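First the structure, in the form of structure tokens, and then the observations on it.
The values are calculated or read from the model by the stated rules, or taken from the named source; none is laboratory data. None of the values given here were measured: they were computed from a predicted structure. Glycine also receives a Cβ, built like all others from the backbone with ideal geometry; neighbour counts cover every protein chain displayed. For the accessible areas, the whole protein counts, side chains as well, though only heavy atoms, and no ligand, DNA or RNA atoms are used. Shrake-Rupley method; radii C 1.70, N 1.55, O 1.52, S 1.80 Å.
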Amino acid sequence: MKFKKSLFVTGVLTSLALCAPYIPSIVSADDAVDSASEAPVFSDDFESETISGWSSLGGAGNLELDKTKSKSGSACLSISDREQTFNGPSITVSQYIDTEETYRITGWVYNSGSQSETIHCTLKLADSVNVDDYRGIAVIEAQPSEWTYFEGTVDTPEDVASALLYFESQNIDLNFSIDDICIYGKAPEG
């Protein structure tokens, strides 16, 4: 009987060892940020005195540098007065995105509402004949009045003429903020 138990335990341990490469590791948000050893091809921590390059997708909404609740440093980017679900912070990142590459996008979002909300981070790619391709980066379940870390990867197709990174929420009454946005991957040459 001891021999059978020993074989069973050995079999279980062997199975776990073979499966280990396929079991995702659990990484805290702080570890994920600290472990980024590569330099980002794009980053914005909103520490300048002006909003550089960012706008509200669709034009509606009030973007402002908020110095009352930044994740790090002294400011974050906040949006309020949204009129459509897609109104949210957006920035053109075409100069940082190359064709047929993999990019990792990280950052933090802050839910200013009173209940849990879903905030989407998306990369909108357009090809040379203006066909749009929307690539979801992250679906962020943001708790009220706290910062939530997100991270996602995206593969780009063989034809990329432009790239736009943006954030949105289905709740048009939701005010939210972003901070420490980074894109990691291969920068285009030239």
Scoring only Lys, Arg, Asp and Glu (+1, +1, -1, -1) among other residues with Cβ under 14 Å from the Cβ of Lys67 yields -4
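Summing Lys, Arg as +1 and Asp, Glu as -1, what charge do residues with Cβ under 13 Å from the Cβ of Thr156 carry, Thr156 excluded?
On the way: positive: Arg104, Lys124, Arg135, Lys186; negative: Asp98, Glu100, Glu101, Asp127, Asp133, Asp155, Glu158, Asp159.
With Lys, Arg at +1 and Asp, Glu at -1, the neighbours total -4.
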For the stretch 122-188, the accessible surface attributable to carbon and sulfur atoms (probe 1.4 angstrom, ligands and nucleic acids excluded) amounts in percent to 44 percent
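Considering only the other residues whose Cβ falls under 14 Å of the Cβ of Glu117, what net charge follows from Lys and Arg at +1 and Asp and Glu at -1?
Details: positive: Arg82; negative: Glu141, Glu146, Glu168, Asp173.
Taking every Cβ under 14 Å from that of Glu117, the sum is -3.
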Computed for the stretch 77-190: size of charge dipole around the Cα centre, +1 on C-beta of each Lys and Arg, -1 on C-beta of each Asp and Glu, debye to nearest 20, value 200 debye
Here the gain from full extension of Ser52 to Asp81, 0.36 nm per residue of separation minus their alpha-carbon distance, amounts to 8.4 nm
Going residue by residue through the stretch 134-141, the Karplus relation 6.51 cos²θ - 1.76 cosθ + 1.60 with θ = phi - 60° gives ³J(HN,Hα) values, rounded to whole Hz and with x marking Gly or Pro, of 9, 10, x, 8, 7, 10, 9, 8
Filtering GluC sites (Glu not before Pro) in the stretch 112-190 by DSSP loop and by at most 12 other Cβ atoms within 10 Å leaves Glu146, Glu158, Glu189
Rounded to the nearest 0.05, FRET efficiency between Thr153 and Ala60 (Cβ-Cβ, R0 41 Å) equals 0.85
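Can you give the accessible area per residue of the stretch 38-103, in Å², using a 1.4 Å probe?
Accessible area per residue: 49 Å².
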